[in-house]
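Taking it in order: structure first as structure tokens, then the write-up.
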Amino acid sequence: MKALIQRKTAGLLALMMALSLLLPIVSYAAGFRDVVGNNGRVTGTVYIPKSVYDTIPGAKDVVVHVYSEDGKFLGTVDGVYRGVYDGVYNGDVVDVVYYDFDVPSAQWDTHGSLKFKYFYPGATEPGAETGPVSRNYVPFVPPVFGGGGGGPSQSDGAVKANPDGSVDANALKKALESGSATVEISGEVAKLPASALTQGGVVTIVSELGSYELPLDELNLEALAEELGVSIDGLTIVVTIAELQGADKAAAEKAIESAGGEAVSAIVEFKLEAVAGGQSVEINNFSQFVKRTLNLTGEGDNLVAVRITGNTVNPVPSKADDEAVAIFSNSNSVYAVIDVATKSFSDLANHWAVKDITTLANKLIVNGTGAGKFEPKRDVTRAEFAALIVRALGLQASEAADFSDVPASAWYADAVAAAAEYGIVKGDGTGKFRPTDKITRQELAAMVVRAQALAGVEVDLSSTEVAALLAGFKDAGQIGSWARAELAAAIESGIVNGTSANTVSPTATATRAEAAVMIIRLLNNADFI
């Protein structure tokens, strides 16, 4: 019995000695980061070693001690578990668990600055401390990515969301006084109080996956509030930027593989909802192209931004830089950046349009005709060109086309429906589209000008300016009265050139090469490529 007591005593002493050796390391390893104040609210993160999280009872229930600037203890706030960081953290600590904490603006509001301490369970000395932190400290300013539209631009106002995604209404409203604001989120959602959005502007949500640039004029807040049975003060706009997981991710990866690609970004769902009292209304479509970005997680020689719907992968307009890819789309969906094999065609050697055709092929917008050929001199039908524009702009139809000669089973039915829905094609006035007719240069010009206007680039010409632009062409009399203004706009914006110094050939058919070049010019004018 005595020996047993001696063994237990010795074991206890050994444990106490081990703990005493561990404490200096533990004390060094904890820390605070991103502790900032904004309009009275203070938010931040405290981190502890994963070894502590795994071995010390109570480590999952973190408490942060709050003090006045002169060191008076005020109380405690909870640290909400955020996640595990596997790797070297802040250059010193390997593998940590981090927690977010929040001091509301009304709590201890007589103190202009606060200090914070974290104590390991049972310790009398803090394992980490920071402060004093001003409660009006300027919050996070988002990174500015390189040129080419890859990431969000820096705005005058920036707001850091709380761990649950909620955003302080006063802070957001003040930030929007400049016309734009950036909200940084640590999770998947930003919860924007509608009451802060009534003055309009643009809110850019930034996450570790990318960003979502939301033009507030796309939100009819009064109608949304009425639909949900609340006032605007009771309405919240929820923006989601979430990476697909599990079976959804596997299905998307399979679709990308079937398209001959490999993902070089996270596969992300962008979602927008109006929420009130447990009810929600999803907002999927916009009257303009809305910019989103995806941060690159891999490299590739031929990057394409795509929308993934079920097992279908379709290109969307995009611009890339070294760190991110900007995506332009007028709908919410699941998006990714993929790398695909470079395309080439054997019949384009030394062709005047080889560069533009190859660019579109590498963006999955145009295809060859088989056997490694493109057939640049072949004529284009009206249905083929409608499909080309729809792929170039990443458009989707919400209903079938109302043309008597476009059967639902036709390969071009969805493309013609989308082009008609967005006003790019209008039919022949008799209820028909004439999908298999060869397209003329004036028809092609009209479609491209309408598509360019949809992309936000409008050319508004007076009748005098139209006449002046067309006066130099001796065949201007052949131009249909319905096409004069749009053909003039196409010439003015550089989409259409004359077929000679003094001819424009409005009724001549257009070739596959000419169609591809006009699509490239459209995308360049819209800054979509």
Protection-proxy order for peptides 174-180, 67-73, each taking the mean of Cβ atoms within 10 Å per residue, highest first
174-180, 67-73
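Suppose accessible area is computed on protein heavy atoms with a 1.4 Å probe; arrange THR358, THR309, THR182 from highest to lowest. Intermediate results must be reported in sequence, preceding the final value.
On the way: THR358 35, THR309 70, THR182 0 Å².
My answer, sorted largest first, is THR309, THR358, THR182.
Highest mean first, how do 315-327, 241-253, 293-305 rank when packing is the count of other Cβ atoms within 10 Å averaged over residues? Intermediate values should be presented prior to the final figure.
Numbers: 315-327: 21.7, 241-253: 15.2, 293-305: 18.5.
Highest to lowest by the protection proxy: 315-327, 293-305, 241-253.
Send over a whole-number figure in Å² for the accessible area per residue of the chain, probe 1.4 Å. Write out the running numbers ahead of the final one.
Values: 24850 Å² over 529 residues.
Averaged over the residues of the chain, the accessible area is 47 Å².
What order, most packed first, do the peptides 202-214, 115-127 have when packing is the mean number of other Cβ atoms within 10 Å of each residue?
Values: 202-214: 23.5, 115-127: 16.4.
So the order, starting with the most tightly packed, is 202-214, 115-127.
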Residues in segment 489-529 reached by a label modelled at TRP482 [backbone nitrogen below 15 Å; 7 Å Cα→Cβ]:
507
To the nearest 0.05, the calculated FRET efficiency linking VAL457 and LYS373 through their beta-carbon distance, R0 being 30 Å, is 0.35
Taking 7 Å along the Cα-to-C-beta vector as the label spot, tell me the THR198-ALA169 distance in nanometres, rounded to one decimal.
0.9
Check which residues have an amide H placed less than 5 Å from VAL159's amide H, if you skip close sequence neighbours.
THR182, VAL183, GLU184
Which lysines, if any, have their Cα less than 18 Å from the Cα of LYS117, not counting same-chain residues under 8 positions apart?
LYS60, LYS72
With each pseudo-label sitting 7 Å past Cα toward Cβ, what's the GLN279-THR76 distance in nm, one decimal?
4.2
Per residue of segment 254-264, what does 6.51 cos²θ - 1.76 cosθ + 1.60 with θ = phi - 60° give for ³J(HN,Hα)? Whole Hz please, x for Gly and Pro, Karplus curve as stated.
5, 5, 5, 4, 5, 7, x, x, 9, 5, 10
Compute the acute angle (0 to 90°) between the alpha-carbon long axis of helix 441-454 and the principal axis of greatest extent of the alpha-carbon atoms of the chain; round to the nearest 10°.
20
Apply the Karplus curve 6.51 cos²θ - 1.76 cosθ + 1.60, θ = phi - 60°, to the phi angles in segment 354-362 and return the couplings in whole Hz, x for Gly and Pro.
4, 5, 5, 5, 5, 4, 5, 5, 6
Quick check on my link table: of LYS438/LYS474; LYS254/LYS343; LYS319/LYS363, which ones sit more than 18 Å apart, alpha carbon to alpha carbon?
LYS438/LYS474; LYS254/LYS343
Rough spin-label spacing in nm, given labels placed 7 Å along Cα→Cβ, for ASN497 and ALA400
4.4
How long, wide and thick is segment 380-488, going by the Cα atoms along their three principal axes, in whole angstroms, largest first?
44, 28, 22
Report the semi-axes of the equivalent ellipsoid for the chain in whole Å, largest first, where each axis is √(5λ) for an eigenvalue λ of the Cα gyration tensor.
58, 27, 20
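The values are calculated or read from the model by the stated rules, or taken from the named source; none is laboratory data. Predicted model, so just to flag it, every value in this text is computed and none were measured. Quick reminder, even Gly has a Cβ in these numbers, built from the backbone with ideal geometry, and neighbours come from all protein chains shown. Side chains are part of the model used for accessible areas, which takes the heavy atoms of the whole protein and leaves out ligands, DNA and RNA. Shrake-Rupley method; radii C 1.70, N 1.55, O 1.52, S 1.80 Å.
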